[in-house]
Each structure stands twice: as C-alpha cells, then as structure tokens.
Amino acid sequence: MPNAVVVGTQWGDEGKGKIVDLLTESFDVVVRYQGGNNAGHTVIIDGKKTVLHLIPSGILRSDKMCVIGNGVVIDPDALWGEIQGLGGVSLRDRLLVSNRAHLIMPYHKAIESAEETSRGAAKIGTTNRGIGPCYEDKIGRRGIRVGDLLQPSLFLSSLQSNLKIKNRILADLYGEDPLDEASIYSHYVELGKQLAPFIQDTVEYLSKACEDGKNILLEGAQGTLLDIDHGTYPFVTSSNASAGGACSGTGLGPASIHGVIGITKAYTTRVGSGPFPTELVDGIADHIRERGAEYGATTGRPRRCGWFDAVVGRYARLVNGLTTLVVTKLDCLDQLEEIKICTGYRDEGNLLKYFPTDMGILNKVEPVFETHPGWMEDTSSITCHGDLPEKAKAYLDRIATLVGTDISIISIGPDRQSTIVLEESPRLRDLIG
Ligand code: IMP
C-alpha cells in the first residue's frame, strides 16, 4: 500500500491541516514527523473549527490511527491540554506518542525567550515554544526523552544535570531567575502518568503497520523554506520540515515512501523575520491578509503576505521530490483585478539560476513578475475544475508549469467540502487510489 508525505512548500501555514484531514480518508495511519507545538493546523468540519498543534489532523476521523513520531519535540503540558481539548473525539487506542521524541522543558522556553530578547533587531521571531533549545539539547546528546518520563529516577538525574547548566545560563548570561527543580520534577512526573497510556515504541508500530499492508500518511509541519538545512537559514525552525525529515522523524526507510504531496498557497505568506522576495507592503497585502485570515494559528501574529513565488515552488519541488501539488486558498484571490507570479530573481541585473543560499543575496534580489488578469468571480462554491473561471484555470496552469509538477487538488475555502479534487490526476490516483 502506498505511503505518502505531505509537506509545506513555502514558509509554513500552507493549509496542510485541512489537506491532511481530507487525505486521511484514504490512509490508515497519520504520523507527525517533526516540529512541535510551534505548528498550528486548522481544520473546519461542518463549520466547527479545531486547531491542532501536536496531534495529527487525522484524529478527527474516528477510524484512523494517529502517531506523534520520534522526530517531534513535545511539550507535555501542551500535549495533555490538546488531548483533553479533543474531549468529543475518542482517543483511546488511536493516539500513539513515540518514547524517543524529545521533551520540551521549562528551561527551553525560558532560554529561548531570553535569547530572542537579547538578539534585539536581529531576532528570529520564533514562536517562543522552546522548539530550538529542545532540538539543541537533542543534538547535543543531553536531551530528555518522552520515555524517560516513565522512569522517574532516570528523569530526575537528567533533569538535575540539565538544570545545573541551564540555571547558570539563565542567571549568569541573561540575569533571569533560576528554575525550581522540585516543581518541574513533580509536574512532569504527574504529566508522565497521564500520558503513559499513549507512549510506546512507534518505530516498531509503524514497521508492523507497513508489514500488515496499512498505508501511512506522514504529516510535516512548517514548510520547506523553514527547514533547518534547506530553508532561509538562520530564519528557520530547528527541524527538517522538508520531506527528508519524514524518514528520520518516524523510522520509516526511504523505500517505504511512495510519494510526496506538496502544499502551496495560491500566494505566499511568512511569519517571523527573514527574507521574503515577493512580500507586499501595500493595500493588496492587507486585502489578502483579511480575505485569507492570515493571522498565526499558534501566536495570532499577522502574517506577511506576498505574490506566489515560482522560484520557491521550483526549489521546493527539487528539495522534496514532489510527486504532485495541492493549491490552497485560491478563493482569496477572487477579488483582485491583477495577480502577479514571480518567475525569477535578478541580482544586480543578473538572472539567478538557483534559489540563493546566501541570505544577503536573497534579501536584495529583485523578483521578476509576470502579471495575470484576475477572474473577479466567486470561486468558493465551485465543486469541479471545469467550472472554475478560465482565468483562474490559466493562473493554476501557469503555477504548475513553473513549479514543474501537476496540480491535483485545489482548495477554495476552509471547510472539508470546499475542495476540488482533479480526479484525472494520475499521480494523485497512484497515491490515494
Ligand atoms: P520556531 O519554530 O518557534 O523556532 O520559530 C522559527 C521560525 O519558524 C519563526 O520565523 C516562526 O515564525 C516560524 N514558524 C515556526 N512554526 C511555524 C508554523 O507552523 N507556521 C509558520 N511559521 C512557523
């Protein structure tokens, strides 16, 4: 049975939550593979809105298994809150949390907040959820893992050795109050007891699921341009948000993955600092932000908005090996008389052949735009591709050509129903039947 990765092709917030929820119908198991509660996936079903930060969006379909993989970093308070918040949805035996996933500790959040403040104007604009410092400890081999919560004496000794250093960093470097060992210990051990029924070796579970012929959807958070290796470093998150992260973050080998579904908005947004060549700073940005409700699902911050960037799209195709593309929020462009697409970047007059790795260059490139006539029609209740305005079809065709992959799903509203699936797309059919 085919397994597929869903990946954001821009700077996150592409609408992956809705698409994962939709695709889940065709899969047995949904797995989150990286990031933490810096993500916010919004799903609207029959007008009811659910925002998920850690638990895969698949949880909203009662017959699906959901797994939080080893590549995710978990704030146990946030996870327990989310489990409780899903009150109406039965989670018994449907949610598994990897014992290898790393724990976000209170000192991760405290250090991140102090570090961001100390950066001043050069701050990254993180979500302040402790994501970066937690991954630093994972790579530095001093992290504490979810499974450690179930062994209180091991947990205590790791906490003690970490706190000795973290409290010195907080006090000596940043002038902050040290954190209290006893209260962290008792709180985390208590959370460990609540979460214990969900914790297990998910690598074993997933390989057995494959053997049993179950098909698996691997859900990425954030987006390719926020990937720690392939994104706009250092203005990135601290994990591999691109498709490659799906293997290391779950324990599934590359040969078990049969396709990569890239999600892109019909325009571009970005939250936090960092280069954004097609950014708009005029009334059109405000129009798109209001139409698209472009405010962070996690932090509520207004998102920066800009035109669709095909240089980013092409780069995302290469980095992820995209099989097919899903375009979301097309309806948010319905009222624009003209719509632009960035087809290339110029640096000091020269057309660049590749997406620049140097942020100094990316910051100063001039986007090359082509202008498309807007369709000026409401697309939000259209149910098949043939009924889309011709100008909207031409706009989508141009995106597909420039990115270099077919488009198989178009989203024209936040609800599950507001979706056009191009039944004739062979690439999507290969993945979801
Ligand atoms: P962090 O992931 O909190 O460390 O933040 C690093 C950068 O990634 C910041 O620019 C954040 O705004 C951005 N970021 C993190 N998670 C998301 C997301 O889910 N959507 C969009 N941007 C995100």
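FYI, it's all coordinate maths here, none of it is from the lab. None of these values were measured; they are calculated from a predicted model. Virtual Cβ from ideal backbone geometry, glycine too; neighbours counted across all protein chains shown.
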Inset, instruction - Identify the residues of segment 309-329 with backbone N under 19 Å of a label point that sits 7 angstrom from the Cα of GLU424 along the Cα-to-Cβ direction, or state none. - result: 324-327
Inset, instruction - Find out how many positive minus negative residues lie around PRO277, taking Lys and Arg as positive, Asp and Glu as negative, among other residues whose Cβ is under 11 Å from that of PRO277. - result: -1
Legend entry - Among GLY36, GLY12, GLY386, residue whose mean-square fluctuation peaks in a GNM of the chain (springs only between Cα atoms under 10 Å): GLY386
Inset, instruction - Ratio to report: Rg/Rh of segment 143-252, with Cα atoms as the point set and Rh obtained by the Kirkwood method; give two decimals. - result: 1.07
Inset, instruction - Please give the contour-minus-distance gain from TYR295 to TRP80: 0.36 nm per residue of separation, less the Cα-Cα distance, rounded to one decimal in nm. - result: 74.9 nm
Legend entry - Using distinct alpha-carbon pairs, which all enter the 1/r mean, Kirkwood radius of the chain in Å: 22.2
Inset, instruction - Note down the Stokes-Einstein diffusion coefficient of segment 1-127 in µm²/s, whole number, using a Kirkwood radius over alpha carbon pairs, 10 °C, and 1.306 mPa s. - result: 101
Legend entry - Gyration tensor (alpha-carbon) shape descriptor, segment 78-148, a/c threshold 1.5: oblate
Legend entry - Stretch in the chain that is longest and holds no chymotrypsin sites (Phe, Trp or Tyr not before Pro) that DSSP places in a loop and that have at most 15 other beta carbons within 10 Å: 175-353
Inset, instruction - Between the alpha-carbon centers of segment 129-162 and segment 16-53, tell me the distance in whole angstrom. - result: 27
Legend entry - Compactness relative to 2.2 N^0.38 Å, alpha carbon Rg of segment 102-196: 1.09
Inset, instruction - In nm, give the distance between the simple-model label positions of ALA114 and ALA394, each being 7 Å from the Cα along the Cα-to-Cβ direction. - result: 5.9
Inset, instruction - Take every Cα pair under 8 Å in segment 371-415 that's 6+ residues apart, average their separations, divide by the length, and report that relative contact order as a whole percent. - result: 39
Legend entry - Computed label-point distance, nm, for sites GLU136 and LYS49 using a 7 Å Cα→Cβ extension: 3.4
Inset, instruction - Using a Förster distance of 41 angstrom, determine the FRET efficiency expected from the C-beta separation of LEU91 and ARG168, and round it to 0.05. - result: 0.55
Inset, instruction - Pairs of Cα atoms under 8 Å, at least six residues apart: use those to get the relative contact order of segment 128-178, whole percent. - result: 19
Inset, instruction - Would you mind telling me which residue in ARG32, ARG301, ARG317 has the biggest mean-square fluctuation in a Gaussian network model of the chain, where springs connect alpha carbons within a distance under 10 angstrom? - result: ARG301
Legend entry - Virtual paramagnetic centre 7 Å along Cα→Cβ of SER26, amide N under 15 Å, in segment 240-268: 258-263
Inset, instruction - For ASN128 and ASP229, compute 0.36 nm times the residue count separating them, minus their Cα-Cα distance, and round to one decimal in nm. - result: 34.3 nm
Legend entry - Highest-MSF residue in the chain out of SER153, SER380, SER418 [GNM, Cα springs under 10 Å]: SER153
Legend entry - Gain in span if fully extended, SER248 to LYS364, counting 0.36 nm per residue against the direct Cα distance: 38.3 nm
Legend entry - Under 27 Å from the Cα of LYS138 - lysines, other chains or at least 8 residues apart: LYS16, LYS109, LYS123, LYS164, LYS166, LYS193, LYS208
Legend entry - Label-point separation in nm, ASN350 to ASP286, each point 7 Å along Cα→Cβ: 4.0
Legend entry - Under 20 Å from the Cα of LYS391 - lysines, other chains or at least 8 residues apart: LYS265, LYS329, LYS340
Inset, instruction - Let me have the relative contact order for the chain, percent, based on Cα pairs under 8 Å that are six or more residues apart. - result: 20
